[in-house]
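One structure below.
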Amino acid sequence: MTKRRRSPRNYLIEVPSDGLMTYDVGPWAEEKYRRMGMYAEMFSTGMKNAWDALVYLDLFAGPGHSVIRGTQRTVLGSPLISLELPDRFHRYVFADGNSKALHALRRRVKKLAPDVDVRYSDGDANDKIEEIIEHLSANHLGPRTLTFCFLDPYGLNIHFETVRRLSANRPVDFLILLALFIDANRNVERYANEESEVIDRFLGDGNWRPRWVEAQSLGRPFVAFLAEEYSGRMASLGYIPMTLDQMVKIRSYDKRLPLYYLAFFSRDKQGIKFWEQVLKYADDQLRLL
């Protein structure tokens with residue numbers, strides 16, 4: 001298949017149904033795919049001559065095809081969007097806890113890009129972290145390898161320790177879906193209970209509750225508190241902290257209810273510059289829809 005450079009409007013890539021497993025997604029997924037695809041393209045094109053190798057890592061990869069809810073439109077998911085870029089990555093690592101979804105993705109990748117260097121990890125990314133790290137280093141790509149990791153979990157089920165392990169001793173940019181409205185905001189009392197470890201694992205910090213009590217007394221919403229805490233935790237790993245204004249709040253299309261934040265983290269100012277361009281150009285294009 002001949003790859004072509006896509007305009008900012010073309011990251012939501014429609015394809016015919018192929019009969020394999022698909023995921024059902026809301027129409028707001030367009031905003032997510034647009035920004036993920038735009039950053040991945042800037043990354044792969046802008047960094048291709050500056051590093052020995054580039055790796056794309058997708059730990060909640062899904063089956064590769066999604067159907068926009070309420071329509072008959074089938075579109076490419078994030079792993080296949082990354083394979084449709086004009087400048088491909090040197091290696092791809094796809095993981096998912098749903099074996100059927102990963103099987104469908106394998107078949108689609110084989111058809112779309114049979115010669116690509118791709119590794120798969122079947123299982124929960126938190127449990128498979130050793131295997132995933134091995135995929136990142138197997139058949140050494142070169143002394144200077146840069147990774148872009150897209151994390152698209154369905155809840156607060158990506159452990160901070162997993163993020164820490166992935167970024168230890170290697171340069172990695174992260175685009176992370178923080179499911180704070182659709183998960184944390186609906187379970188404040190349960191997660192704040194000492195018996196719950198959900199936020200402990202999400203933040204990689206079991207001592208967050210006293211800070212939440214103080215923030216709550218000041219009228220700080222739980223979602224804003226957790227987003228800022230997460231940014232601070234990433235800063236502890238050497239990442240440039242992100243404010244709420246630098247994160248993208250994704251809303252439902254019908255009632256405009258907030259669903260989640262897309263948060264970008266890089267240790268390098270060039271990554272931040274790319275993300276700022278994504279915010280500008282993606283927003284400009286979305287206003288035309």
Problem set entry | Selection count, segment 70-87, where residues are out of contact with any helix residue (DSSP H, G or I) (no Cβ under 7 Å at 6 or more places or on another chain) and not hydrophobic (A, V, I, L, M, F, W, C) | 7
Problem set entry | Flag if Ser236 is without any contact (Cβ under 8 Å) to a residue 12 or more places away in the chain and either of a type in the set (S, T, N, Q) or touching a Phe, Trp or Tyr at 6+ places or on another chain (Cβ under 6 Å) (or both) | yes
Problem set entry | Neighbours by Cβ (under 7 Å, 6+ apart or cross-chain): first from segment 201-224, within 13 Å of Leu180 (Cβ to Cβ); second surrounded by 14 or more Cβ atoms within 10 Å (Cβ to Cβ) and of a type in the set (S, T, N, Q) | Phe222/Asn185; Val223/Asn185
Exercise. Just checking, which of Val75, Val67, Val15 is within 17 Å of Ala101 (Cβ to Cβ) and surrounded by 17 or more Cβ atoms within 10 Å (Cβ to Cβ)?
Worked result: Val75
For this session: For segment 221-248, enumerate the residues that are out of contact with any strand residue (DSSP E or B) (no Cβ under 9 Å at 6 or more places or on another chain) and within 23 Å of Met38 (Cα to Cα).
Result: Thr243, Asp245
Exercise. Among Asp18, Asp58, Asp52, which is the only one that is among the acidic types (Asp, Glu), touching a residue at least 12 places away in the same chain (Cβ under 8 Å) and farther than 17 Å from Arg91 by Cβ?
Worked result: Asp18
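No lab work stands behind these numbers, since they all come straight from the coordinates. All values derive from a computational prediction rather than experimental measurement. Cβ sites come from the backbone with ideal geometry, for glycine too, and all protein chains shown count toward neighbours.
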